[in-house]
1. Put W457, W260 in order of accessible area, largest first, 1.4 Å probe: what do you get?
2. Using a Förster distance of 30 Å, how high is the FRET efficiency between A95 and K215, based on the Cβ-Cβ distance and rounded to 0.05?
3. Accessible area per residue of the chain at 1.4 Å probe, in Å²?
4. Among the complete DSSP H segments of the chain, which ones combine at least 15 Å of alpha-carbon extent along their axis with a mean Kyte-Doolittle hydropathy of 0.0 or more?
5. Give me D for the chain in µm² s⁻¹, whole number, from Stokes-Einstein with Rh from the Kirkwood sum over alpha-carbon pairs, 10 °C and 1.306 mPa s.
6. Using helices alone, what [θ] at 222 nm do you get for the chain, with -39,500 (n - 2.57) per DSSP H run of 4 or more residues, divided over all residues and rounded to the nearest 500?
7. Please state the shape class of region 148-267: rounded when a/c is under 1.5, otherwise prolate if a/b exceeds b/c and oblate if not, all from the C-alpha gyration tensor.
8. How high is the relative contact order of the chain, in percent, with contacts defined as C-alpha pairs under 8 Å that are six or more residues apart?
Amino acid sequence: MKKNIASARIDIESSALLKELNDSLPFDKELYREDILGSLAHSKMLSEQGIISKDDYEKIKQGLNELLDEISSGKITLDGSDEDIHMAIERLLTAKIGDAAKRVHTARSRNDQVATDFRLYVLNSNLELSRLLLELIDSFIKVAKDNVDTLLPGMTHLQHAQPINFAYHMLAYASMFKRDYERFISSYERNNISPLGCAALAGTPHPIDREQTAKELGFKEPSINCLDTVSDRDFALEILFNIATMMMHISRLSEELILWSTSEFKFVTLSDKHATGSSIMPQKKNPDIPELLRGKTGRVNGNLVALLTVMKGLPLAYNKDTQEDKEGVFDSVKTAKLSLMVLKEMIDEMKVNRESMENACRVGHLSATDLADYLVREQGLPFRDAYHLVGDIVNRSEELGKDISQLSFEELKSIDSRFSEDVIDILNIRNSMNARESYGGTSVKSTIEQIDILRDWIKSRV
Ligand code: ARG
């Protein structure tokens, strides 16, 4: 009977249920390009080291290149009954070029092969995601540039706290996305090592050159311990964590966009392109896009926890459990890419309602802290005493049905005779925002500095 090419000692046909559980081709066909590039690099090295003949290498090279074209163009579809992408490519190559194809697997195992393919995919995804992040950060900077003096109530506990400007709020997100970018880049750099040639777990007696295959595939260098390399998946966990963290940031922003587009806030208007209607309520314009971005956080968190759980009890080295590493990563990478592109489009096209933001600053006594600071500065009051005095003034304002920034000098004077007329400027909301000139603060001056810092940083990246 015809033997399965990856089962030397199993003579009977696999159970259909085993195949359903075991086969990974339905999802690892995503790695066909990486797999072919890995085989090209490996067979080139084998021929240069005299392990296979130049003649065989030429046939292998031509066959693999043809396969790459045929699969990319859709001429060949990978939906056969092969166990995985590695066996599918080997079978297709054998059908094309005959016996020479059977030499490609010399000094290689599927264990280093899959580790190589998957690592290439993950490294490249780190770079693609980082590029999309740069574009997104650029959009935040553009919105910030137009809104350095757009007043916005800064919140803590979702309660009015101190006045900020809308640019400053946008730059907070730009700063989160900058760190996300740096995480993708540092994962790329740390994990840029080639598994190829590690073979099953212990290396190989063949005189291979791992340095060469590493360079050929664009890795920085070969990994230093084969047992580790074929077994660990921390490079995949890193990208899952990086994506989960980035999606958490996207989710927080989405939550704000949803709130800000309610009739209660009206701070922003999302483009009709990024809103949907209701099947029954004709008046509705719903923020489905930010809701979905917020919701997608659930699946990327799930993918991270799933792989952490898969890995936690595995003895060295390779175990088939590890095959469970791929679907979650593919899913998180696709989700993250789409989310970044949609978010950028939404930020580029959203309308900022300056007037609503500024009106919202007229309530909530946003300049109360400024008044306490003034009493400390001008009257030498201990901060705690000033804090309590301002608390009384806030209560009095509430009785008068006013915001603290709307109290007249006479009203203030009647509460505490120590006030002089300049207190009115102190309570002014715009002055309050502009007073926060400390490094990283919200004043227009500090905000412009932050825009410049982020701009220069982006320039240094592209
Ligand atoms: N499809 C397998 C995976 O994704 C390839 C490695 C198979 N190795 C083995 N020893 N069975 O992990």
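The values are calculated or read from the model by the stated rules, or taken from the named source; none is laboratory data. All figures in this text were calculated on a predicted structure; none of them were measured in a lab. Every residue, glycine among them, receives a Cβ derived from its backbone with ideal geometry; neighbour counts consider all protein chains shown. Heads up: the accessible areas ignore ligands, DNA and RNA and are worked out on the full protein's heavy atoms, side chains in. Shrake-Rupley method; radii C 1.70, N 1.55, O 1.52, S 1.80 Å.
1. These residues rank, largest area first, as W457, W260.
2. 0.45
3. That works out to 49 Å² per residue.
4. 85-97, 110-145, 234-260, 288-311, 326-349
5. 60
6. Rounded to the nearest 500, it is -20000 deg cm²/dmol.
7. Prolate.
8. The normalised contact order for the chain reaches 16 percent.
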